[in-house]
Amino acid sequence: GKGGSDFDPKGKSDAEVMRFCQAFMTELCRHIGQFTDVPAGDINVGAREIGYLFRQYKRIRDEYSGVLTGKGLEFGGSLARTEATGYGLCYYTQEALRVLKNDSFEGKTVVISGSGNVAIFATEKAQALGAKVVTVSDSTGWIYDPAGIDVALLKDVKEVRRARLTEYAAARGSAVYHEGRGVFTVKCDVALPCATQNELRLEDAKALVENGCIAVAEGANMPTTLEATDYLREHGVLFAPGKAANAGGVAGSALEMSQNSQRLSWTFEEVDAKLKDIMVNIFAKVDLAAHEYAKEGDYVAGANIAGFLKVADAMMAQGAV
């Protein structure tokens, strides 16, 4: 599920953000719980906001439990949780490239939209796997950096200074800043939309196909419009839907909850290895469902079928249908 508010955090002080988070949790707390629903961060909700929300829940309910994920390491958080969605996206895409095209990220040019949590760590992992990421974006514009995105600088601009990408361009001579949209017009091998819903439109899909893109994997929630999705699939582009490809965030949350329940703290390497195994296994289930239902290579159908069967089989086993 998804939830949110129309509170705009831009230009607000830490104290203003904290008071809003406290007010929000005062109402939300009656609807969530470690065995009911466990929220995690999303757009504009990072470690700072999770900390404020968690303390308010703890204060009202007078309990310490793993009711929110993405917590700080000092109070129950998990190493690699922050990286999980972006890393998981790349693990899934790498496995899809290996199985479907006998290929990998090695030597590929990648365009990424967004510059938040998912985009930053997708950039980091894609480059660790041998690719060169040349774009990121925010709500006002985008960066083209043919030398490859400097992840350390991007983290400083977005996570420390909380500034616009114009500051990235000002600090890096190889980067060019553009107003508005345009990430998907850049020639690339792989595109990873990691910003927001309906950002990759039909005209973007046409540009990607024309420029020889071989794979699109969704890091955001439904970032590709239906028309664009259909166009990409019709033209033979490997398309990895977000319900499978961006499941690393939920997987990371589950791993954090496991540690909370056991009162354990795993190393970064342990969590990362478990995350990779989960994403590879998700792809295997999607691929198997596509094969079994005569939809080979159609990972939208494969993900839909695999997800439906998992729920349907559980319901049938419990006598719910």
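The values are calculated or read from the model by the stated rules, or taken from the named source; none is laboratory data. Computed from a prediction, not measured in an experiment: that's the story for all the values here. A quick note on method: Cβ atoms are made from the backbone with ideal geometry, for glycine too, and the neighbour counts reach across all protein chains shown. What goes into the accessible areas is simple: the full protein's heavy atoms, side chains included, and nothing from ligands, DNA or RNA. Shrake-Rupley method; radii C 1.70, N 1.55, O 1.52, S 1.80 Å.
A count restricted to region 235-250 and to residues that are crowded, with 23+ Cβ neighbours inside 10 Å, assigned to a helix (DSSP H, G or I) and out of contact with any strand residue (DSSP E or B) (no Cβ under 7 Å at 6 or more places or on another chain) stands at 3. Annotation note: of SER65, SER5, the sole residue that is more than 15 Å from VAL250 (Cα to Cα), open to solvent by 60 Å² or more (accessible area, probe 1.4 Å) and part of a loop (DSSP other than H, G, I, E, B) is SER5.
As a summary of the residue check, ALA191 satisfies the conditions (1) open to solvent by less than 20 Å² (accessible area, probe 1.4 Å); (2) at pLDDT below 95 except for the one numbered (2). Taken residue by residue, region 31-44 has no member that is under 19 Å from LYS158 (Cβ atoms) and in a helix (DSSP H, G or I).
Checking the conditions here, which among VAL271, VAL280 is open to solvent by less than 50 Å² (accessible area, probe 1.4 Å), part of a helix (DSSP H, G or I), modelled with pLDDT of 95 or more and farther than 13 Å from LEU79 by Cβ?
VAL280
Could you list, in sequence order, all residues of region 194-204 that are assigned to a helix (DSSP H, G or I) and crowded, with 17+ Cβ neighbours inside 10 Å? Of everything in region 194-204, just one residue is assigned to a helix (DSSP H, G or I) and crowded, with 17+ Cβ neighbours inside 10 Å, namely ASP204. Residues in region 283-302 that are hydrophobic (A, V, I, L, M, F, W, C) and either within 27 Å of GLN34 (Cα to Cα) or in a loop (DSSP other than H, G, I, E, B) (or both): ALA294 only. Scanning region 81-114 for residues that are within 13 Å of the chain's Cα centre (by Cα) and open to solvent by 10 Å² or more (accessible area, probe 1.4 Å), we see that the one that is farthest from ASP277 (Cα to Cα) is THR82. With respect to (1) of a type outside the set (Asp, Glu); (2) assigned to a helix (DSSP H, G or I); (3) surrounded by fewer than 18 Cβ atoms within 10 Å (Cβ to Cβ), the lone exception for LYS125 is condition (3).
Selection of region 142-170 for residues being farther than 19 Å from LYS132 by Cβ, part of a helix (DSSP H, G or I) and open to solvent by 60 Å² or more (accessible area, probe 1.4 Å) yields GLU159, VAL160, THR166, GLU167, ALA170.
In region 121-136, the residues that are more than 8 Å from ILE149 (Cβ to Cβ) reach residues that are in a strand (DSSP E or B) and open to solvent by 10 Å² or more (accessible area, probe 1.4 Å) with C-beta atoms within less than 8 angstrom, at least six apart or across chains, in these pairs: ALA131/THR109; LYS132/THR109. Please tell me if SER265 is in a helix (DSSP H, G or I), small (Gly, Ala, Ser) and open to solvent by 50 Å² or more (accessible area, probe 1.4 Å). Against the criterion (in a helix (DSSP H, G or I), small (Gly, Ala, Ser) and open to solvent by 50 Å² or more (accessible area, probe 1.4 Å)), SER265 does not qualify.
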